[in-house]
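Structure, as structure tokens:
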Amino acid sequence: MRQKLVAGNWKMHGNLIENQVLLGNLRDSLAGMQNMASAICVPFPYLAQAQSVLAGSVVAWGAQNLSEHAKGAYTGEVSASMLQDFGCRYVIVGHSERRALFGETDEVVAAKFMAAIAAGLIPILCVGETLSEREADAAEAVIARQLDAVLKIAGMAGIARSVLAYEPVWAIGTGKTASPEQAQAVHAFIRQKLAAQDADIANRLVIQYGGSVKAANAAELFSQPDIDGGLIGGASLVADEFIAICKAAQS
Ligand code: PEP
């Protein structure tokens, strides 16, 4: 039985004062949650704040990106060991905004995935198709390509130490959620593809759905057999929404 994980992706939002209120609220409100796990992925400058507010609570924290390099002359980059210094459990890897806006190729994403694993962080590997790819009936081929790049260097042993997030690009921040049936079909495809290599690891793997998840649609999405929680963007910035989504992951 897989435990659902609800992870917030704050993206480039927040400030010290607002974060203090939101993180404190989440820490207190989620304290009694059972049979699910929660996390918040904050911008780099707020990792110390997340650590200070959330340490010792049920809410884990993490980052939204990392360098594929361990150290060196990479101005502006942040390494996996730096994230470890701030107690991160998770790091998002290959978010569609990183792929589309910052030119991260499948190979770079795979290298970042490996860097996270090597440092003992849990990568949340995002995969998903654009609207034009879906319309061209290429969703599965795109997702298979994204997964294969990671499998090539990390193998199923690496996948076993990660979380996957299916995030259809057309559903991120758009208010257009994949229907539970659409999302379930892709989640089942991902699990079957991985099961062909190792059924046990595939069966234990947490595969989140991400894309305009809200309190109003979370329960129906999470009731699908292969959807193990969510990666939540906009709604993770609103305490009541995020708490309600976490509650939906309990049942
Ligand atoms: C995301 O940023 O990963 C995401 C799913 O965003 P939203 O929930 O706002 O669609």
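Every number here is computed from the coordinates shown, using simple stated rules; none is lab data. Just so it is clear, the structure is predicted and the values come from calculations on it, not from any experiment. No Cβ is skipped: glycine too gets one built from the backbone with ideal geometry, and neighbour counts run over all protein chains shown.
What to note about this one:
- Rounded to the nearest 20, the Cβ-based charge dipole of region 81-128 about its Cα centre (Lys and Arg +1, Asp and Glu -1) stands at 100 debye.
- Per residue, the average separation of C-alpha pairs within less than 8 Å and at least 6 apart gives region 4-250 a relative contact order of 22 percent.
- Sequentially through region 175-190, phi angles give Karplus couplings (6.51, -1.76, 1.60; θ = phi - 60°) of x, 8, 8, 4, 5, x, 5, 4, 5, 4, 4, 6, 4, 5, 4, 4 Hz, Gly and Pro residues having no value and appearing as x.
- Scalar couplings 3J(HN,Hα) for region 220-225, obtained by applying the Karplus form with A = 6.51, B = -1.76, C = 1.60 to θ = phi - 60°, are 5, 5, 6, 7, 6, x Hz; x denotes Gly and Pro.
- A Förster radius of 35 Å combined with the Cβ-Cβ distance from residue 69 to residue 197 puts the calculated FRET efficiency at roughly 0.80.
- Global geometry of region 1-80, whether rounded, prolate or oblate, following the gyration tensor of its Cα atoms and the 1.5 cut on a/c: oblate
- Expressed as a fraction of 2.2 N^0.38 Å, the C-alpha radius of gyration for the chain is 0.93.
- Under DSSP loop assignment and at most 13 Cβ neighbours within 10 Å, longest chymotrypsin sites (Phe, Trp or Tyr not before Pro)-free interval of the chain: 103-251
- Among 39, 159, 195 - extreme Cα towards positive end, dipole of region 4-250, charges at beta-carbon: 39
- Between the amide H of residue 41 and those of 8, 9, 10, 62, distances stay under 5 Å, these residues lying 5 or more places away or on another chain, with hydrogens modeled in the peptide plane.
- Close amide H contacts of residue 210 (hydrogens built in the peptide plane, cut-off under 5 Å, sequence separation of 5 or more or a different chain): 166, 167, 231.
- Placing unit charges on the Cβ atoms only, positive for Lys and Arg and negative for Asp and Glu, gives the chain a dipole magnitude near 480 debye about its Cα centre.
- Positive-end extreme of charge dipole, region 4-250 - chosen from 111, 49, 207 (charges on Cβ): 49
- Within straight-line cross-link reach of residue 176, lysines at Cα separation under 28 Å, skipping those fewer than 8 residues along the same chain: 4, 11, 193, 214, 247
- Shown in residue order for region 199-205 are the 3J(HN,Hα) couplings computed by the Karplus curve 6.51 cos²θ - 1.76 cosθ + 1.60 at θ = phi - 60°: 5, 5, 5, 4, 6, 8, 5 Hz (x for Gly and Pro).
- Theoretical gain in end-to-end length, residue 102 to residue 251 [0.36 nm per residue, Cα-Cα removed]: 49.9 nm
- Residues whose amide H falls under 5 Å from that of residue 67, counting only those 5 or more places apart or on a different chain, are 78, 79, 80, with hydrogens built in the peptide plane.
- On full extension, the segment bounded by residue 144 and residue 55 gains 28.4 nm, given 0.36 nm per residue less the C-alpha separation.
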